[in-house]
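Beneath this line is the structure, given in structure tokens, with notes to follow.
Derivation of every value follows stated rules applied to the coordinates shown; laboratory data play no part. Please read these numbers as outputs of a predicted model, since none were measured by experiment. Note that each Cβ is placed from the backbone with ideal geometry, even for glycine, and that neighbours are counted across all protein chains shown.
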Amino acid sequence: MDLAVVVLAGGRSRRMGRDKALLPVGRERLLERVVRRVAQVGPVWVVTRGPDDYPFLRVPRVPDVYPDRGPVGGLLTGFQAVPARLVAAVATDMPFASPQLLQHLAQYLDAHPEVDVALPEDAHGIQPLHAVYRREPALRAFRAALQTPRAAIRDALALLRVRRFSADALRAALGPTCDPARAFWNVNTPDAYDALLRVVQGDAPSPLPWEASA
């Protein structure tokens, strides 16, 4: 399957107060953890704020061509950079990004040429930064969305043929080894980072952080 992965690491981390990508998680940084996980799906490109960011990575880094335009600009940069027909998009603050889930979405998209985006959703809404896109139509849609004042992902999705996958449907298809709520959990505040460290160290309180916010 002609599939690549784009990891968005070009944000300002305003709510965290420091660069999320560099947060230590065990023996690696958060960005390294995410890249390691999604590299099981296919080759990875990381969209950064500048050309000198994250030199420790051993995967291609692409400076954001549209800085300060949010995830639409970052995704468009990634779509322009990768050579693959299908592109999985993941945010750098998703420590439990699921290769199994992304592979499932990509297989669906590969088998259904009439669909442009395999888009999961849960109780919090759609998850466009844990989704799989057909590159060519996504390029056109995200370029158009970037021309609008708000440059919102929803504006791009409105121009694409979207197949939504509920968390329950994903659980049924993938079994108990894949928890969508865990996969979609993002670490963008100091409290969330503290919770992540407790989970990784094996002493997280009950309910788990992703269950507590569900």
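At-a-glance table
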read-out: Amide H contacts of V62 (H built 1.01 Å from N, under 5 Å, at least 5 apart or other chain); value: V46, V47, T48
read-out: Estimated inter-spin distance, R15 and T177, nm [label 7 Å along Cα→Cβ]; value: 3.1
read-out: Packing-based order for 141-147, 107-113, 5-11, using average beta carbon neighbours within 10 Å, highest first; value: 5-11, 141-147, 107-113
read-out: Extension gain from A123 to R143, taking 0.36 nm per residue of separation minus the Cα-Cα distance; value: 4.3 nm
read-out: DSSP bridge pairs, the chain: antiparallel proportion in percent, nearest 5; value: 35
read-out: Net +/- balance of residues flanking F142 in space, Cβ distance below 14 Å, scoring K and R +1, D and E -1; value: +3
read-out: Total formal charge among the other residues, if their Cβ is under 14 angstrom from that of E32, Lys/Arg +1 and Asp/Glu -1; value: +4
read-out: Net lengthening on full extension, D2/V65 (0.36 nm per residue, minus Cα-Cα); value: 20.3 nm
read-out: Separation of the A111 and R36 label points, Cα + 7 Å toward Cβ, nm; value: 3.2
read-out: Of V162, V187, V47, the one that fluctuates the most in a GNM where the chain has Cα springs shorter than 10 Å; value: V162
read-out: Cβ-derived FRET efficiency at R0 22 Å, D191 paired with L22, nearest 0.05; value: 0.75
